[in-house]
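The values are calculated or read from the model by the stated rules, or taken from the named source; none is laboratory data. The structure displayed is predicted, hence computed values, not measured ones. Cβ: placed from backbone, ideal geometry, glycine included. Neighbour counts: every protein chain shown. Heavy atoms of the whole protein, side chains included, go into the accessibility calculation; ligands, DNA and RNA do not. Shrake-Rupley method; radii C 1.70, N 1.55, O 1.52, S 1.80 Å.
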Amino acid sequence: MKLTRRVVRVDTGSPDEEGCLLFANDRLVAVFVQLGFEHNSGLAGKWFLEHAFGSLDEPEQPVFEDLDAAERWVVSRLA
C-alpha cells in the first residue's frame, strides 16, 4: 500500500488549521488536524482524526502523537 501525505490548511472554524490529507493508493482516506496550544497541554501538538473515508469512517476519532502514528493506525485498519 502506498501512503502519501499532503500538508494543507483546514478551515475547522477554530485556530486548529494545520492539517494533513492522507492518501492510500492515490485515494483520500483521512484528514488529520494538528491540535493547537489552546488545548490542554496534554493534547497540544498532537494530531486529531478530523474525518475518515471508506472503511476508516467510524464513530471513533482518535488523537495521535504524530503523523507516523496516524499512518500506522490507517494501515492497521486498511490491511
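For (1) outside any loop (DSSP other than H, G, I, E, B); (2) open to solvent by 50 Å² or more (accessible area, probe 1.4 Å); (3) within 16 Å of S76 (Cα to Cα), each residue gets a yes or a no:
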{"position": "S14", "(1), (2), (3)": "no, no, no"}
{"position": "G19", "(1), (2), (3)": "yes, no, no"}
{"position": "S41", "(1), (2), (3)": "no, yes, no"}
{"position": "G45", "(1), (2), (3)": "no, no, no"}
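Enumerate the pairs (first residue in the stretch 1-16 and farther than 20 Å from V63 by Cβ and in contact (Cβ under 8 Å) with a residue 60 or more places away in the chain; second residue anywhere and part of a strand (DSSP E or B) and among the aliphatic types (A, V, I, L, M)) with beta-carbon separation below 6 Å, excluding pairs fewer than 6 apart on the same chain, so at least 6 apart or on different chains.
Hits for this filter: M1/A24.
Do you know which of the residues in the stretch 3-47 that are more than 16 Å from A70 (Cβ to Cβ), at pLDDT 95 or above and not acidic (D, E) is nearest to the chain's Cα centre (by Cα)?
The selected residue is R9.
What is the residue count in the stretch 21-39 for residues that are part of a loop (DSSP other than H, G, I, E, B) and surrounded by fewer than 18 Cβ atoms within 10 Å (Cβ to Cβ)?
Qualifying residue count for the region: 6.
Taking into account only those residues within the stretch 61-79 that are closer than 13 Å to M1 by Cβ and among the aliphatic types (A, V, I, L, M), which is most open to solvent (accessible area, probe 1.4 Å)?
Ranking the candidates gives A79 first.
How many residues does the stretch 48-60 contain that are open to solvent by 30 Å² or more (accessible area, probe 1.4 Å) and over 9 Å from the mean Cα position of the chain (by Cα)? Don't jump to the end; show me each part of the working.
Taking the stretch 48-60 and keeping what is open to solvent by 30 Å² or more (accessible area, probe 1.4 Å), we get 48, 50-51, 53-55, 57-60.
Still in the running and over 9 Å from the mean Cα position of the chain (by Cα): 53-55, 57-60.
Within the stretch 48-60, residues that are open to solvent by 30 Å² or more (accessible area, probe 1.4 Å) and over 9 Å from the mean Cα position of the chain (by Cα) number 7.
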